[in-house]
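Everything on this sheet refers to the single structure shown next.
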Amino acid sequence: LSWEQSTNNLITSGDVRTIRIWDVKTELKVLDLPTGADSCITSLCNGEYNNRDLIIAGCGDGSIRIYDRRLAANNCLIQTLHEHTGWVANVHLHKLADTKIISASMAGDIRFWDLRQPVSIRTISSMHGLTALEVHEHADIIAVGSLNQCISVFNQSGDILSTIKYHEGFMGQRIGSITSMAFHPYKVKLASGSSDNFISVYSTPDSRRR
C-alpha cells in the first residue's frame, strides 16, 4: 500500500499483475496499471511535488520498476532497475529530493538511486535476511530490521549509529524478527513491529538535519 494525501488515493498491489489506484473518498477504482513483471510487487511508493505522477514498485525478483500514471497502460512502465539480487524489502522515494530513491533487498544491500541515472550511485552493505527499511524524511537516518532479531541504524554515508537488540524495560528481553517499522514524521523516533507481537518505540541517535 501507498497513501497519497493530496488526492485521497490509495495505491495497492501484491501477488497480482496490476497496480490499482483507489479513490478512498468515493470508494471507486481510479486506474489499473499493468506491472509488466512476472513476480509479485513487494513494496510501493509514490512521488510528490515535481514527480507526483510517478509510482515506484519493488518486486520479488529484485527489480525496481518506475511507472508514469499519465501514460497509456501499455507504455506506463518507463524504467526498470536491475541490481538487487533478492526480494526488495522496501523502496523509498524521498519527498524533499524527489529524484532520489533508496531501496533495500533481503540480500542485505541498500542502494541509492538517482532517477536521472540507470545505475545506482551508492551501495551500503547491511545484514543478510533484511526484512524492513525505513528512511527519515528530515534527518540523515536509515533504519533496517532483520530476521536476526535486531535493528541497525545508519546514516546515509553508511556509518552505523546504533544497533537495537533488546526491548526496553525491566525484563529487557530480546526483540523478535522485525516485520515493519516507521519513523515519526519530524521527531527522531522509530516504531517497530516484530514477530513476538511487540510494538516498540525507540529514540534513535541525534543526527545531522537535512
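The values are calculated or read from the model by the stated rules, or taken from the named source; none is laboratory data. Only a predicted model underlies this, so the values are computations on that prediction, with no experimental measurement involved. All Cβ positions, glycine included, derive from the backbone under ideal geometry; neighbour counts span all protein chains shown. Side chains included, ligands, DNA and RNA excluded: accessible areas come from the protein's heavy atoms. Shrake-Rupley method; radii C 1.70, N 1.55, O 1.52, S 1.80 Å.
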Note to self: Suppose we keep only residues that are part of a loop (DSSP other than H, G, I, E, B) and either among the acidic types (Asp, Glu) or in contact with a Lys or Arg (Cβ under 8 Å, 6 or more places away or on another chain) (or both) within segment 76-96. Which one would you say is farthest from ILE142 (Cα to Cα)?
What the structure shows: CYS76
Notebook entry, point to check: Considering segment 62-102 alone, what residues qualify as being within 28 Å of SER125 (Cα to Cα), charged (D, E, K, R), in contact with a Cys (Cβ under 9 Å, 6 or more places away or on another chain) and open to solvent by 40 Å² or more (accessible area, probe 1.4 Å)?
Noted result: none
Next item on the list: Filter the strands (runs of 3 or more DSSP E) completely within segment 1-43 down to those with at least 2 residues that are closer than 15 Å to ALA73 by Cβ.
Entry: 18-23, 28-34
Note to self: Can you report the number of residues in segment 130-164 which are over 15 Å from ALA182 (Cβ atoms) and in a strand (DSSP E or B)?
What the structure shows: 8
Check: What are the pairs, 6+ residues apart or on separate chains, where a residue within segment 52-65 that is at pLDDT below 95 has its Cβ under 7 Å from a residue that is part of a strand (DSSP E or B) and surrounded by fewer than 18 Cβ atoms within 10 Å (Cβ to Cβ)?
Finding: ASP53/ASP68; LEU54/ASP68
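For segment 4-15, what are the residues that are surrounded by 13 or more Cβ atoms within 10 Å (Cβ to Cβ) and of a type outside the set (Ser, Thr, Tyr)? Give the steps one after another, and end with the answer.
At the first step, the residues of segment 4-15 found to be surrounded by 13 or more Cβ atoms within 10 Å (Cβ to Cβ) are 4, 7, 9-13.
Those that are surrounded by 13 or more Cβ atoms within 10 Å (Cβ to Cβ) and of a type outside the set (Ser, Thr, Tyr): GLU4, ASN9, LEU10, ILE11.
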Margin query: With the structure loaded, tell me whether ASP159 is of a type in the set (D, E, K, R), buried (at least 20 other Cβ atoms within 10 Å of the Cβ) and out of contact with any helix residue (DSSP H, G or I) (no Cβ under 6 Å at 6 or more places or on another chain) or whether it fails that test.
Written below: no
Check: Of the residues LEU133, LEU190, which is touching a residue at least 40 places away in the same chain (Cβ under 8 Å), farther than 15 Å from CYS45 by Cβ and not polar (S, T, N, Q)?
Finding: LEU190
Notebook entry, point to check: Would segment 106-124 turn up any residue that is open to solvent by less than 10 Å² (accessible area, probe 1.4 Å), of a type outside the set (D, E, K, R) and outside any strand (DSSP E or B)?
Noted result: yes
